[in-house]
Amino acid sequence: MALLELSEPGQTPRPHERRVAAGIDLGTTNSLVATVRSGVAETLADTQGRHLLPSVVYYAAAAAPSVGDDAKAHAVTDPFNTIASVKRLMGRGVDDVKRLGNQLPYRFAASESAVPRIVTSAGVVSPVEVSAEILKVLKQRAQATLGADLDGVVVTVPAYFDDAQRQATKDAARLAGLNVLRLLNEPTAAAVAYGLDHQAEGVYVVYDLGGGTFDVSVLRLHRGVFEVLATGGDSALGGDDMDHAIAEWIMREANIGDHADPMLLRRLLRDACQAKERLTEAQQVALEVELAPQQVWQGTLTRSQLNALIDPLIQRSLAPCRRALRDANIKLEEVREVVMVGGSTRVPRVRERVGQFFARPPLVDIDPDKVVALGAAIQADVLAGNKPDTDMLLLDVNPLSLGIETMGGLAEKIIPRNTTLPVSRGQDFTTYKDGQTALSIHVVQGERDLVSGCRSLARFELHGIPPMAAGAARIRILFQVDADGLLSVSAKEQTTGTESSIQVKPSYGLTDNEIETMLLDSIDHATDDVAARQLREQQVDADRLLDAVGVALRADGDALLDKTERAAIDAAMQSLRSAREGQDERAIKNAIAALDTTTAEFASRRMNEGIRKALTGRRISELKDI
Amino acid sequence: MRKIPAVVVKASRSKVFSDGAVSNSARNFFEIFDLTPGFAIDLALLTGRYRELQRQVHPDKYAQGSDQERRLAVQMAANINDAFRTLKDPVERASYLLHLHEISVDDQSARRLDPEFLLEQMELREALGEVRNNRQAVHELTKIFTTIDTLEQQTLGTLAEAFARGDAASLRTANENVQKLRFINKLRAEAEEVEVQISS
């Protein structure tokens, strides 16, 4: 037995309990939460055994919002107060919403803010708040099932979500009181669930058609590494559009005018969705719509009629497929399998057309509704530190090119689409007038050469440039995109070091103040107060840092630090421990900053050591291959 | 108050190569992967080492780490990504090698491409324009792609030879061929666009 207990110094298993982590698929139509238990990923059901939570929130006057099936029951009777498909509004501006127009039977509040707000009987709500309600229910479900608080979650987003949409999703999770370990792209999550299950190797395409979004990703799977080669899609294309196509067909057939009342519209959409689902098995379905009391329209929709209605939508999804393959530099023949994800891939015509396009039958053996949540759960388990020996590594890409506006309204790309994340890239720019001392930097996203064809992400200003002749200043603009796909931009005048930077808060996002207000509103003032909450947050941060430094010291402290350096770190840890015991939030914050600074050099040495070891280790395995 | 100009002007055509975001690892891209600098590299070896390095430094490995570690991980992983992206692509790799030799591929004065090459480019572009206007000419497009492929292979061959010789005159040849490859790549991208237009 003694032999089994031997362990190398520094490799002692981490003395902590298993962390509770979950994966959340926040979908347009349905949402799910999953976790890994006893090594197996599984979705969690509510008390009535239902796994799918309809992404619907019902706001009644003077009552807490209801979510899911209960809320969905109100969709037809009380459409203005029943918010469905809110994902379509995440990170969108007021103008985008106008464009979606008649597809959304809600009342929008006139507001100064760039973010659309919906008027309900319970007050005005933003899409972020509606999403937070859905997340809260999933959080409660997970905590009730697992009997513990969640330490962290992975929330999935469509790969084609832009910076604003990602930020909005993260804000919603924050509002729901969740610690987001990572935003994970849905097709990548599906590939993880599928790939680990099937020991897959080679090039895979994930075709993900959900309720409101379409994504396609081309991935190379190699010994646990999931490398996304390219991604594409349409963040406003999905099963909802099929429902609308069918509903519009019914309206034409039944001579219903364009200005039908919202309740009739909702009923039509519900009937359309049911007809679409039944046509997965049946060849034709009978339809009946009550237009007015005593006035009923009857009709039949056949599968071939349905196919004709949805063909243009499917066609729209194939162009991004073609482009993703081209961006990945992969030929059709090189694709090993096509994995179908998302409820809308149940439609036979979708399978047929996708199969034709890729010249092979697509894989449909995994539940397209659950696979994304399962993949997210696996990744959450890894990120929480429950699988220290895993080989799994996800390398994702940014879906859209990022750049800045230059003279003449041109968009200069700094990070092209499909660049592996994280990425940090700089480019030098200059002034165009003599004596110019400031400039405004306009960050844009998109593939067009003209700024007018791109989406505006943010604007910020750099001041204090010394007066020089036009073209003499050297301003380096640095873009950094983290593993979540979120962008930060900084600008620095090279000769004087004048600096300006922002975490890009999208033009269509909520401001920090707005989020703060919502957070404050959401706190139950009777049992909780802001100061206590902030103190607790600092304590959690302190514990996490102490834990991380402790692990690092046990692993590499002896090898990489001399006595003086070690003593300095020990002292900083001790200060943080004592501060953490106190009630002074500020003191904890300062002690965290101090320990962070003291360990900077150590952290950097550890990473370089890791790199060195990786290369030597690699050389040995390369020799073995010969 | 005077309104601040809403735009900036590009300083130069030259690209900013990151010089190692982390202070004590200011190594060149080849050193990062422990490879000998040169145009001829073993792509499988590069890819294998890239994956091993990312396994070590990717920010996901530090999800439970300190802020310090996570910031460092993002910087190092970004640096490794940049190095890999540059070295795996022949045109980028060649540009970077020239950069290490302190030759800027974007230097306008160095642009003296032979007229024969430019003429051929113009002809190909015209042919592409005809395909765009006349969708029946699909077989013409296949011919254009074949011509582009052949041209690319020839140019890459010349480039490899030039780097293998490595003297000052050869580096000038290399630079010229990098310019040519950029023309060729741009043309291929346009041809692919036309292909998409035709097939949709």
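Mind pulling the angle between the C-alpha long axis of helix A:186-198 and the longest principal axis of chain A? Nearest 10 degrees, somewhere in 0 to 90.
With both axes taken from Cα atoms, the answer is about 80 degrees.
Ignore the peptide's own chain and count Cβ atoms of other chains within 10 Å of each Cβ in A:430-440; give me the average, rounded.
Shielding by partners across A:430-440 averages 3.
Can you tell me, using C-alpha contacts under 8 Å and at least 6 residues apart, the relative contact order of chain A as a whole percent?
13 percent
Can you pull a Stokes-Einstein diffusion coefficient for the stretch A:101-253 at 25 °C (0.890 mPa s), Rh from Kirkwood over Cα pairs, as a whole number of µm²/s?
In µm²/s, the coefficient rounds to 136.
Take A:Asp151, A:Asp428, A:Asp562 and order them by how many other Cβ atoms sit within 10 Å, fewest up front.
The fewest-first ordering by Cβ neighbours comes to A:Asp562, A:Asp428, A:Asp151.
When each pair of different Cα atoms in the stretch A:366-474 is counted once in the 1/r mean, what is the Kirkwood radius in angstroms, to one decimal?
17.4 Å
Using alpha carbons only, how many degrees (0 to 90, rounded to 10) separate the axis of helix A:585-598 from the longest principal axis of chain A?
60 degrees
Filter the cross-link list A:Lys492/B:Lys180; A:Lys563/A:Lys589; A:Lys433/B:Lys88; A:Lys331/B:Lys88; A:Lys433/B:Lys180 down to pairs whose alpha-carbon distance in this structure exceeds 30 Å.
A:Lys492/B:Lys180; A:Lys433/B:Lys88; A:Lys433/B:Lys180
For the stretch B:112-199, what mean projected area does the convex hull of the alpha carbons give, in nm²?
Averaged projected area of the stretch B:112-199's Cα convex hull equals 5.5 nm².
In Å, the Kirkwood hydrodynamic radius of the stretch A:241-384 over pairs of distinct alpha carbons?
For the stretch A:241-384, inverting the mean 1/r across all distinct Cα pairs yields 17.6 Å.
Could you work out the percent of alpha carbon pairs in the stretch A:117-186 separated by over 14 Å, rounded to a whole number?
I get 62 percent for the Cα pairs in the stretch A:117-186 exceeding 14 Å.
Determine the dipole magnitude for the protein assembly as shown: charges of +1 sit on the beta-carbon of Lys and Arg, -1 on that of Asp and Glu, nothing else is charged, the reference point is the Cα centre, and the result goes in debye to the nearest 20.
680 debye
Hey, what D do you get for the stretch A:523-611 in µm²/s if you plug the Kirkwood alpha-carbon radius into Stokes-Einstein at 25 °C and 0.890 mPa s?
D = 174 µm²/s.
Per-residue Cβ counts within 10 Å, from other chains only, averaged over A:390-400: what number is that?
So the per-residue partner count for this stretch is 2.
Hey, what do the phi angles of the stretch B:146-157 turn into as Karplus ³J(HN,Hα) couplings, whole Hz, using 6.51/-1.76/1.60 and θ = phi - 60°, x for Gly and Pro?
4, 4, 4, 4, 4, 4, 5, 4, 4, 5, 4, x
Can you compute the radius of gyration and Dmax for the protein assembly as shown, using only the Cα atoms, both in Å?
For the protein assembly as shown, the Cα radius of gyration and maximum Cα-Cα distance read 28.4, 92 Å.
Please report, in whole Å, how far the alpha carbons of the stretch A:32-141 spread along each principal axis, starting with the longest.
Principal axes ranked by extent give 50, 27, 22 Å for the Cα atoms.
Taking the stretch B:23-88 as the region of interest, what is the percent of Cα-Cα pairs per 5 angstrom bin, listed from the shortest bin to the one with the maximum distance?
Taking all Cα pairs of the stretch B:23-88, the binned fractions are 3, 18, 28, 23, 15, 8, 4, 1, 0 percent.
Using alpha-carbon positions, what is the distance between the centroids of the stretch A:267-319 and the stretch A:448-477, in Å?
Using only Cα atoms, the two centres lie 51 Å from each other.
Given the stretch B:36-183 reduced to its alpha-carbon atoms as identical point scatterers, what log10 I(q)/I(0) does the Debye formula return at q = 0.11, 0.17 Å⁻¹?
Relative scattering, expressed as log10 I(q)/I(0), comes to -0.62, -0.98.
Once the Cα atoms of helix A:303-328 and of chain A are each reduced to a long axis, what angle between those two axes, in degrees from 0 to 90 to the nearest 10, is obtained?
Taking Cα atoms only, the helix is inclined about 20 degrees.
In square nanometres and to one decimal, what's the mean projected area of the convex hull around the Cα atoms of the stretch A:175-323?
Computed as one quarter of the Cα hull surface, the answer is 12.7 nm².
Cα convex hull of the stretch A:232-299: how many Å³ per residue?
So the per-residue hull volume is 102 Å³.
Just tell me how shielded A:471-484 is by partners: mean number of partner chain Cβ atoms within 10 Å of each residue's Cβ, no decimals.
3
The numbers here are math on the coordinates, done by the rules we state, and not lab data. Bear in mind that the values here come from a model prediction, so they are computed numbers and not experimental data. With ideal geometry, Cβ positions are generated from the backbone for all residues, glycine too; neighbour counts draw on all protein chains shown.
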